Amino acid sequence: MQPYDERLTAPRSWWLTIPLLAGLTLGLVVLPLGPLPMLAALVAGAALAAAAVSAYGSVRVRVVADSLVAGSARIPLSALGTATALDAEEARAWRTHKADPRAFMVLRAYVPTAVRIEVTDPQDPTPYVYLSTRRPQRLVSALGEGASAAR
């Protein structure tokens, strides 16, 4: 079985702009207290924002052994049905007007493509799993190989 492991990291532009803007904002808020507190607030704001960007971009999508691991969820492949690779337009539709509120979604708006996987477990009210991925065809292949290996 070909393993699949992807980390949905934030875009490079986020690593510069978000910490910089957060640091500047906090620095300006503290500016009336003087230059030293302003500098400390600028550094602290930038560090906190960088930590937030890192945490947001640390989610992983993996196919391991007989399970799909998406974020904090571990779903047995035996509970999953057909996986469909979604291009950018179709992925946007499933994130918005086609979305079911009962679906399990690991989505990142900065990742344009996705995979939609039917949930076939009759005990589970979740209709499908929606996963943002930069390599949808590869994830679909890994899910297919993993399901056939689990049988």
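Would you mind getting the accessible area per residue of the chain, heavy atoms of the protein chains only, 1.4 Å probe, in Å²?
In whole numbers, the chain has 56 Å² accessible per residue.
Select one label from [x] 1.09; [y] 1.34; [z] 1.23: the one whose number is Cα Rg over 2.2 N^0.38 Å as derived from the coordinates shown.
The value computed from this structure is option [y].
Return the carbon/sulfur percentage of the accessible area of the chain, one whole number, probe 1.4 Å, all protein chains in place. Write out the running numbers ahead of the final one.
Numbers: 5290 of 8490 Å².
For the chain, the apolar C and S fraction of the accessible surface comes to 62 percent.
Output wanted: per-residue J couplings in Hz (rounded whole) for region 69-79, from phi through Karplus 6.51 cos²θ - 1.76 cosθ + 1.60, θ = phi - 60°, x for Gly and Pro.
Listing the rounded values in order: 10, 10, x, 8, 8, 10, 10, x, 4, 5, 8 Hz.
Going by a ≥ b ≥ c, the root eigenvalues of the Cα gyration tensor, does region 78-151 fall in the rounded group (a/c under 1.5), the prolate group (a/b larger than b/c) or the oblate group?
It comes out oblate by the Cα gyration axes.
Place the peptides 118-126, 42-50 in order of packing, highest mean first, counting for every residue the other Cβ atoms within 10 Å and averaging per peptide. Provide the component values of the computation, followed by the final result.
Details: 118-126: 11.6, 42-50: 17.2.
Top to bottom by mean Cβ count within 10 Å: 42-50, 118-126.
Connecting C-alpha atoms closer than 10 Å in a GNM of the chain, tell me which of P136, P101, P127 has the biggest fluctuation.
P101
Sorted by mean Cβ packing within 10 Å, highest first, what order do the peptides 85-91, 22-28 take?
Ranking, from highest mean packing down: 22-28, 85-91.
So who's got an amide H within less than 5 Å of the one on S67, skipping anything under 5 residues away but keeping other chains? H placed 1.01 Å off N, in plane.
Sorted by chain and number, the residues that satisfy this are L77.
Please compute the modelled spin-label separation between L107 and L24, points set 7 Å along Cα→Cβ, answer in nm with one decimal.
That separation, rounded to one decimal, is 3.0 nm.
Where the centroid of each part is defined by its Cα atoms, how far is region 45-117 from region 119-138 in Å?
Their Cα centres are 9 Å away from one another.
As a test of the formula, what do you get for the chain when each DSSP H run with n ≥ 4 contributes -39,500 (n - 2.57) and the sum is divided by the residue count, at 222 nm and rounded to the nearest 500 deg cm²/dmol? Could the numbers behind the result be given before it?
Numbers: 4 runs with 64 residues, N = 151.
Result for the chain: -14000 deg cm²/dmol, rounded to the nearest 500.
Hey, rough spin-label estimate for S141 and A51, points 7 angstrom out along Cα→Cβ, what's it come to in nanometres?
Computed distance between label sites S141 and A51 equals 4.0 nm.
I need the helices of the chain that pass two filters: whole DSSP H segments spanning 20 Å or more by Cα along the axis, and mean Kyte-Doolittle score no lower than -0.5.
Membrane-span-like by this criterion, though nothing is claimed about a membrane: 12-30, 35-56, 136-150.
Any idea what the relative contact order of region 30-136 is, in percent, if you count C-alpha pairs under 8 Å spaced at least 6 apart?
Across region 30-136, relative contact order equals 21 percent.
Go through 63-69, 3-9 and give me the packing order, highest mean Cβ count within 10 Å leading.
63-69, 3-9
For V69 and W15 in the same chain, what is the full-extension length gain: residue separation times 0.36 nm, less their Cα-Cα distance, in nm?
Gain on extension, V69 to W15, equals 16.9 nm.
Amide H of A10: which non-local residues (sequence gap of 5 or more, or other chain) have their own amide H closer than 5 Å, using H built in the peptide plane?
G57
The values are calculated or read from the model by the stated rules, or taken from the named source; none is laboratory data. These numbers were taken from a predicted model, which means no experiment stands behind them. Virtual Cβ from ideal backbone geometry, glycine too; neighbours counted across all protein chains shown. Just the protein is used for accessible areas: all its heavy atoms, side chains included, with ligands, DNA and RNA removed. Shrake-Rupley method; radii C 1.70, N 1.55, O 1.52, S 1.80 Å.
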